[in-house]
């Protein structure tokens, strides 16, 4: 080998290394970014909590027994400021939406905070509204010895180190405490995503399977079939934002007849169903084609009709492939945002309903990142959930196809 | 050369006459013939422009084993697939001439091909059980027929598997996936599956070519037992197999039926030079 050839060889090889190195590095970088930003945030309250914070005003009319003192548990950390008189601890921190909050880290089982009742006038007045660990305290209003109402707390720009001793020393009776259950959870979007998956598959899978069967077995191989087939191929390449527009202009007038009123999960899932059809049809047909023709021959030779052969032998034999197609469709739904922004809306809901607007996980990220101060942390936490779901689905597809390969060889 | 062409023309012309005669004066002639499973009269078969079978005329005897032999591409499998009209599945395949079964041309309009296939079973070259349980494989044909009674199905499965000499091996795990069986067991399962429909005829397209010698011997034993009840037509590449198990042998070459007769005669005193050359292994 000449020198030149050797150099050429090394050069070409290093090109392949660089290329694969770059792709691997980019993937790892994305993962590292998402996990470093979102991992510390990801807990029960993010996964299953409400997105919208709930404001609560509570208080009690009785005077507090001044002799009572509480001892804090050992589990409290540095920075937790304890009110021994009222039996709670508060910590100054930054919440998921990047605001300064005073979070309750401990509330004693006998703390008066647990006896709070809603004090604002209205139908809910008097109902219990206990303050528990995890909630944020905005302010306290108490009466001091002279009977004057004093307001303390975060809203007065006081740190816990300032206002807790003040209250412990002077309060005769707490008349109001204002707080909120922190938001920033993804439960609503998670539920909306599940509903979306269910409805989209409900509409698209039967149509996709039957269309694939038609193309595979029943359609005559003529110009029309070729046209239908190439339309499906083309449709698979149409950007999803165009499907979103189609959803508004074509599907919305139809579901309007049934009383739908605008952007809704049902409109989103019908749009997703149309978007998924090409992929589903193509992969189902592929799965049907991979069934050995000897099965169909055997069935026909046993006096089964064409239809019986299709539904009793060919379709069941293709079920792994069809199942994989459905799983890939699910991961497509989880990851889709463009097709849903117009059809399902961008209003994050804590309890999504089929007939009204909601966001999927991906759209929630779109919303969170779209505001004036994008919320990287919460978005990353949602991304982690999306990635884990999609990864699990892809792994399942791999396992299923490996299993069916093994079976095919046996 | 020209003489043989003329001969063929005559034959074809005669065949057409015979055919019209058969359909006009009633297909009685073939129907009356006892002990004939299929009466094949002047069958020509075309794949597009290619003629795969040329003027085939022969009677397949009932309750005997008839072997079709010949080199690859001679048309023996094609003819076999005419008996249950599996050639219908091939797009540009065209069959001329008549094949009478119980006096009726099976290519006729009145014949229900689904019904025909329940009476004429088929076993393929590659064992092709469905990826279902053994039980579901055997009962498949009956279930398609609309049989739902578990008792009837149970009995049919048991008796079919017994006839196919597989019962003892599988009776304790009928729910097991059929694709887990060995090749020979799978082929016997395919035979059982065909028997379950109580056909008159079982067509076998090189049923042992994918099997090892021991499995082959078992299938051959089975075929000899089965001819008591069924007419068997078997396509085989193995001359020794044809000699061992068949009563009648037909030798095909390039779409022509060269010679048809009792197996002993064909193998011991072949009338045609080409038959002799093939049997003695001069080509093939």
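Below is a table of values for the structure above.
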item	result
Strands (runs of 3 or more DSSP E) lying entirely in segment A:68-117 (those with 1 or more residues that are surrounded by fewer than 19 Cβ atoms within 10 Å (Cβ to Cβ) and out of contact with any helix residue (DSSP H, G or I) (no Cβ under 9 Å at 6 or more places or on another chain))	A:88-94
Enumeration of residues in segment A:142-163 that are assigned to a loop (DSSP other than H, G, I, E, B) and surrounded by 16 or more Cβ atoms within 10 Å (Cβ to Cβ)	A:158
Selection from segment A:118-136 of residues that are part of a strand (DSSP E or B) and surrounded by fewer than 20 Cβ atoms within 10 Å (Cβ to Cβ)	A:118, A:128
Residue check, residue A:139 crowded, with 17+ Cβ neighbours inside 10 Å, closer than 29 Å to residue A:371 by Cβ and either under 36 Å from the mean Cα position of the chain (by Cα) or in contact (Cβ under 8 Å) with a residue 40 or more places away in the chain (or both)	yes
Of the criteria (1) in contact with a helix residue (DSSP H, G or I) (Cβ under 7 Å, 6 or more places away or on another chain); (2) assigned by TED's automatic domain parsing to the domain that holds residue A:281, which one residue A:210 fails	(1)
The one condition in (1) within 14 Å of chain B (Cβ to nearest Cβ); (2) surrounded by fewer than 22 Cβ atoms within 10 Å (Cβ to Cβ); (3) touching a helix residue (DSSP H, G or I) at 6+ places or on another chain (Cβ under 7 Å); (4) closer than 27 Å to residue A:399 by Cβ that residue A:308 fails to fulfil	(4)
Identity of the residue in segment B:114-136, more than 9 Å from every other protein chain (Cβ to nearest Cβ) and assigned to a helix (DSSP H, G or I), that ends up surrounded by the most Cβ atoms within 10 Å (Cβ to Cβ)	B:134
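A quick yes/no check of all residues on (1) part of a helix (DSSP H, G or I); (2) out of contact with any strand residue (DSSP E or B) (no Cβ under 8 Å at 6 or more places or on another chain); (3) modelled with pLDDT of 90 or more:
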{"site": "A:193", "(1), (2), (3)": "yes, yes, yes"}
{"site": "A:200", "(1), (2), (3)": "yes, yes, yes"}
{"site": "A:207", "(1), (2), (3)": "yes, yes, yes"}
{"site": "A:254", "(1), (2), (3)": "yes, yes, no"}
{"site": "A:258", "(1), (2), (3)": "no, yes, no"}
{"site": "A:261", "(1), (2), (3)": "no, yes, no"}
{"site": "A:266", "(1), (2), (3)": "yes, yes, yes"}
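Residues checked against (1) over 27 Å from residue A:316 (Cα atoms); (2) outside any helix (DSSP H, G or I):
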| site | (1), (2) |
| --- | --- |
| A:358 | yes, yes |
| A:366 | yes, no |
| A:380 | yes, no |
| A:393 | no, no |
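The values are calculated or read from the model by the stated rules, or taken from the named source; none is laboratory data. A quick note: this is a predicted structure, and the numbers were derived from the prediction, not measured. Positions of Cβ are backbone-derived with ideal geometry, glycine not excepted, and every protein chain shown enters the neighbour counts.
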